[in-house]
Structure formats: structure tokens, C-alpha cells
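A.B. asks: Pasting in a structure now, in C-alpha cells, and then I'll have a few things to ask.
The values are calculated or read from the model by the stated rules, or taken from the named source; none is laboratory data. Just so you know, these numbers come straight off a predicted model, no measurement behind them. Don't worry about glycine lacking a Cβ; one is built from the backbone with ideal geometry, like all the others, and counts go over all protein chains shown. Each accessible area value is taken on the protein alone, full model and side chains, heavy atoms only, with ligands, DNA and RNA left out. Shrake-Rupley method; radii C 1.70, N 1.55, O 1.52, S 1.80 Å.
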Amino acid sequence: MANVKSTTETAKNVAVKKAEETKEAVKTAVKAVETKAEAVKAEVKADAAKAETKAAAAVKAEKPAPAKKEEAAEKEVKVDDKKKPGRKVGSKNKPAKAEKKEAAHPEVFVQYGPNGEASVEAVVERIKNEYAAQGHRLSSIKSMKVYVKPEERSAYYVINEKTQGRVDLF
């Protein structure tokens, strides 16, 4: 009787330990996916800002040209004003740089067990390849949700809220 209880307790302890390891792996994977989502959001915001800047430049370009009398007056002012625009001599203010450096594109990996490691980008690429192999066009992808389950060594996906499937992680 004592051996049965001891074996049962050992089995419970092993199962609890394995469940805790799995929970930690899932938490790590969720953090990685959230980090990737934040990076994508930042890219979208940057692209939107660029589009707004281009739109503003297009609006400025559409303004009508000044009348010929106004052009002549402007030319006279420019001839009289021989100073170059820019910062003053001895000024400590440096001109602002036109370009901003883009944020580093993070590489996100999912690790599970001693030999299991997969790049999130590689998983997304596998999903796209499988979707194309099913006869779909990649350009038809409007939304993609990826659910990483390291304990099953797979990733599940839903594309355009219609097509769903599974790919291997490792």
C-alpha cells in the first residue's frame, strides 16, 4: 500500500513540475509574440507618419504659383539679401538631422526543451508557404493570427478569420 502511495505522489510531483515548465515556456512565447506585435505597431505608426508627411508635401505642391508681380518683388528681396540661410556663426545650435534611424528589428525565437528553437519569422514563413500550397494567393492575406504551443511543438494559425491550420515549430 505504501509503495502505491509513494508512486502516486512521485507521479503527481513529476506532473506538477512538467506543468510548471510548460507554463513558463508558454509565458516566454507569449512575451515574444507581444514584443513582435509592439514592433509591428511601431512600424505601422512610422509608415503612417511618412504617409502623412507625403500627403502634406503633395498639398503644398498643389498651391498656385504667385503672380508675376509678386515674383519680381521676391527676386528683388533675394538680390538685396545676400546672407545665406542657416545657423549663425558661433552658434552652438546644430541643424536638425532630416533622417531618423529606424528602430532595430528584433529577432524573436521560441525555445522549448534542450533542442527546440524556432524563429518567429521562420514560423510565419512556413505558415505562408502552407497557405500558398493550399492554392491561396499570399496577397489575399489581410489578417493572420499565430498561436505558438511549444509543448505540442506546433503553431496554429488563422488567416483572414476563415482559413486555419497547423505547422511544426521545430
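A.B. asks: Do we have any residue at all in the range 1-17 that's under 18 Å from the mean Cα position of the chain (by Cα) and surrounded by 10 or more Cβ atoms within 10 Å (Cβ to Cβ)? Write out each step before concluding.
C.D. replies: Here is the first cut: in the range 1-17, the residues under 18 Å from the mean Cα position of the chain (by Cα) are none.
Within the range 1-17 (the criterion being under 18 Å from the mean Cα position of the chain (by Cα) and surrounded by 10 or more Cβ atoms within 10 Å (Cβ to Cβ)), the answer is no, since none of the residues qualifies.
A.B. asks: List pairs: first residue in the range 156-170 and under 13 Å from N129 (Cβ atoms) and charged (D, E, K, R), second residue open to solvent by 40 Å² or more (accessible area, probe 1.4 Å) and in a loop (DSSP other than H, G, I, E, B) anywhere in the structure, Cβ distance under 7 angstrom, at least six positions apart or on different chains.
C.D. replies: Close Cβ pairs (under 7 Å, with a partner that is open to solvent by 40 Å² or more (accessible area, probe 1.4 Å) and in a loop (DSSP other than H, G, I, E, B)) amount to D168/R153.
A.B. asks: Are any residues in the range 127-158 in contact with a Lys or Arg (Cβ under 8 Å, 6 or more places away or on another chain) and more than 30 Å from E20 (Cβ to Cβ), and if so, which ones?
C.D. replies: Taking the range 127-158 and keeping what is in contact with a Lys or Arg (Cβ under 8 Å, 6 or more places away or on another chain), we get 138, 141, 154-158.
Across the range 127-158, the qualifying residues are L138, I141.
A.B. asks: Specify the residue that is most open to solvent (accessible area, probe 1.4 Å); the eligible residues are those in the range 99-120 that are charged (D, E, K, R) and touching a residue at least 24 places away in the same chain (Cβ under 8 Å).
C.D. replies: The initial filter retains those residues of the range 99-120 that are charged (D, E, K, R), namely 99-102, 107, 117.
With the extra rule that they be touching a residue at least 24 places away in the same chain (Cβ under 8 Å), the set shrinks to 102, 117.
Working: E102: 156, E117: 102 Å².
Ranking the qualifying residues of the range 99-120, first place goes to E102.
A.B. asks: Let me ask you something else. Residues that are in contact with a strand residue (DSSP E or B) (Cβ under 8 Å, 6 or more places away or on another chain), β-branched (V, I, T) and either at pLDDT below 95 or part of a loop (DSSP other than H, G, I, E, B) (or both): does the range 70-79 have at least one? Give the steps one after another, and end with the answer.
C.D. replies: Step one: of the range 70-79, the residues in contact with a strand residue (DSSP E or B) (Cβ under 8 Å, 6 or more places away or on another chain) are none.
No, because not a single residue in the range 70-79 is in contact with a strand residue (DSSP E or B) (Cβ under 8 Å, 6 or more places away or on another chain), β-branched (V, I, T) and either at pLDDT below 95 or part of a loop (DSSP other than H, G, I, E, B) (or both).
A.B. asks: Of all residues in the range 121-170, how many are out of contact with any Gly (no Cβ under 8 Å at 6 or more places or on another chain), surrounded by 13 or more Cβ atoms within 10 Å (Cβ to Cβ) and of a type in the set (S, T, Y)?
C.D. replies: Number of matching residues: 3.
A.B. asks: Quick one: which strands (runs of 3 or more DSSP E) lie wholly within the range 124-170 and hold at least 2 residues that are of a type in the set (G, A, S)?
C.D. replies: Values: elements: 144-149, 154-159, 163-168.
Once the strands (runs of 3 or more DSSP E) in the range 124-170 are filtered for at least 2 residues that are of a type in the set (G, A, S), what remains is 154-159.
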